[in-house]
Amino acid sequence: MRIAAILLAAGAGRRFDPEAPLPKQYVLLRGQPVIRHAARALLPYVDCLQPVGDPDLLREALAGLPTLPPVAGGAERQHSVRAGLDALAALPETERPDLVLVHDGARPWVPPEVIRGVIAALDTAKGAIPAVRVADTLKRGDTRDMIAGTVSRDQLWRAQTPQGFHFGLLHALHGASADGAATDDALLLERAGHDVALVPGTEDNIKLTYAEDLVRLERLMDGQLLPRAGTGYDVHAFEDGRKLILCGIDVPHTRGLAGHSDADVGIHALCDAIYGALAEGDIGRHFPPSDNEWKDADSARFLVHAGERIRARGGFLTSADVTLVCERPKIGPHAEAMRARLADLLQVDIGTISVKATTSERLGFTGREEGIACIATVMLMVP
Ligand code: MG
């Protein structure tokens, strides 16, 4: 069974913030657009993902994710779903889906068990939607905001997405119903007399509708993050005739450090601390010294990569502490510039980064001024 997903980003989202420069699907949630979270939630469970909406905004928000090229949406939700279905139907026959999930781009936190439940229900039903039973007592109000009656909540459910369907059936029903009035896709199957299964949804599958929903989503996400610590240690020997580069800064000195790259011992230790916290090996694994591409390389690019790995894992850096061990040169006068440079490369606030130095009281190789050592410690928050 090939499974596709249509990710809808066509709504203008006026209830969220009428003044907002961007629709709510593109608002940043812990550093990433809401719709990017939604795409990342779906991708492990589908063979292809078709975004529908403003193609320029979607390309930017979903950059680097393995989705199909975005297609433009329509005036009504139903027209946008239709555009996505048509794009999937136009795929080569071997790539055309048997099942399709239709998901709101404004639901960034759909849990795996909900997605799996919808797909499993399609074994026996032509359509399936996640839903939660209505728990609150329901009142009907009149035009004066007075109670006009109580509505029985028996057998009432609140519909969520992703809604799942047999692809051929949904495509055919959309083709036969062009009025655009269907507010969800299950309605088209209901009208045609097909059974649509209700599978358990969850209150965590929040649709970003009002500004306070963003706060609830941030709390949910933060509850999924765990602290991870890492340490890095590096040593480079002094060598005559080289520039001394420490923590991304050119430091005036009589000698530089020997090494395959620019030998920035501070950045190397910091990279190793980050890779260590992520349990993703060390700097030599990502940038092998046997590879001539990294000869005399600016180590700044190694640190940019380490920062990208944190973001790719959905995490962020909470603190980094870098300690250089040397008798000379004096680090103090350069420490602020080093902090600023490291923060810039990692795209974090300067308050996240500490750079300090110590001597080893003239003991050992650092004491004899044969080289510089560096110890770095980082703390990350990662899902
Ligand atoms: Mg090194």
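Values quoted throughout were computed directly from the atomic coordinates according to the rules given, and no laboratory measurement underlies them. Because the structure is a prediction, the values reported are computed rather than measured. Using ideal geometry, Cβ is built from the backbone for each residue, glycine included, and neighbour counts are taken over all protein chains shown.
Each residue, D56 and A229, gets one label point 7 Å from its Cα in the Cβ direction; the gap between the two is 4.8 nm.
The angle separating the long axis of helix 77-89 from the principal Cα axis of greatest extent in the chain is about 70 degrees. Coordinate range of the alpha-carbon atoms in segment 109-195 per principal axis, descending: 46, 34, 24 Å.
Per-residue packing, averaged as other Cβ atoms within 10 Å, sorts the ranges 265-277, 332-344, 291-303, 108-120 into the order 265-277, 108-120, 332-344, 291-303, beginning with the highest.
Residues whose amide H comes within less than 5 Å of that of I6, counting only those at least five positions distant or on another chain, are Q50, L101, V102, H103 (H built at 1.01 Å from N in the peptide plane). Here r is the Cβ-Cβ distance between L28 and R116 and R0 is 25 Å; the resulting FRET efficiency, rounded to 0.05, is 0.35.
Note that segment 364-380 has calculated 3J(HN,Hα) couplings of x, 5, 6, x, 7, 6, 8, x, 10, 10, 9, 10, 10, 10, 10, 10, 10 Hz, one per residue in order, obtained from phi through the Karplus relation 6.51 cos²θ - 1.76 cosθ + 1.60 (θ = phi - 60°); glycine and proline are x. Per-residue Karplus couplings for segment 270-278, computed as 6.51 cos²θ - 1.76 cosθ + 1.60 with θ equal to phi - 60°, are listed in order as 5, 4, 5, 5, 5, 4, x, 5, 7 Hz, Gly and Pro entered as x. For the chain, the tally of Lys pairs with Cα-Cα distances below 21 Å comes to 5, considering only residues 8 or more apart or on different chains.
Note on D349/D195: beta-carbon distance plugged into 1/(1 + (r/R0)^6) with R0 of 45 Å gives a FRET efficiency of 0.25. Database remark: amide H of C247 closer than 5 angstrom to the amide H of V265, G266, I267 (H placed geometrically; neighbours at sequence offset of 5 or more, or on other chains; Pro and chain starts carry no H).
What is the helix-to-structure angle for 112-121, meaning the angle in degrees between its Cα long axis and the longest Cα principal axis of the chain, kept from 0 to 90 and rounded to the nearest 10? The angle comes out at about 30 degrees. Over the chain, calculate the relative contact order: mean separation of alpha carbon pairs under 8 Å at least 6 apart, over the residue count, as a percent. Relative CO of the chain lands at 14 percent. With the simple spin-label model, which puts each label point 7 Å out from Cα in the Cβ direction, the E336 to E93 separation comes to 7.1 nm. When shorter helices are ignored and each DSSP H run of at least 4 residues is given -39500 (n - 2.57), the per-residue value for the chain at 222 nm works out to -8500 deg cm²/dmol.
Compared with the dominant principal axis of the Cα atoms in the chain, helix 300-312 is inclined by about 30°. Extension gain, L138-W157: 0.36 nm per intervening residue step, less the Cα-Cα distance, totals 5.6 nm. Computed over the chain, the convex hull of the alpha-carbon atoms projects to a mean area of 25.1 nm². The value obtained for segment 224-383, namely the Cα convex hull volume divided by the number of residues, is 100 Å³ per residue. Amide hydrogen proximity for T318: with H placed 1.01 Å from N in the peptide plane, the residues at 5 or more positions away or on another chain lying under 5 Å are M379, L380, M381.
Listed values for segment 332-340 are Karplus-derived 3J(HN,Hα) couplings in whole Hz (6.51 cos²θ - 1.76 cosθ + 1.60, θ = phi - 60°), namely x, x, 10, 4, 5, 5, 5, 4, 5, and x replaces Gly and Pro.
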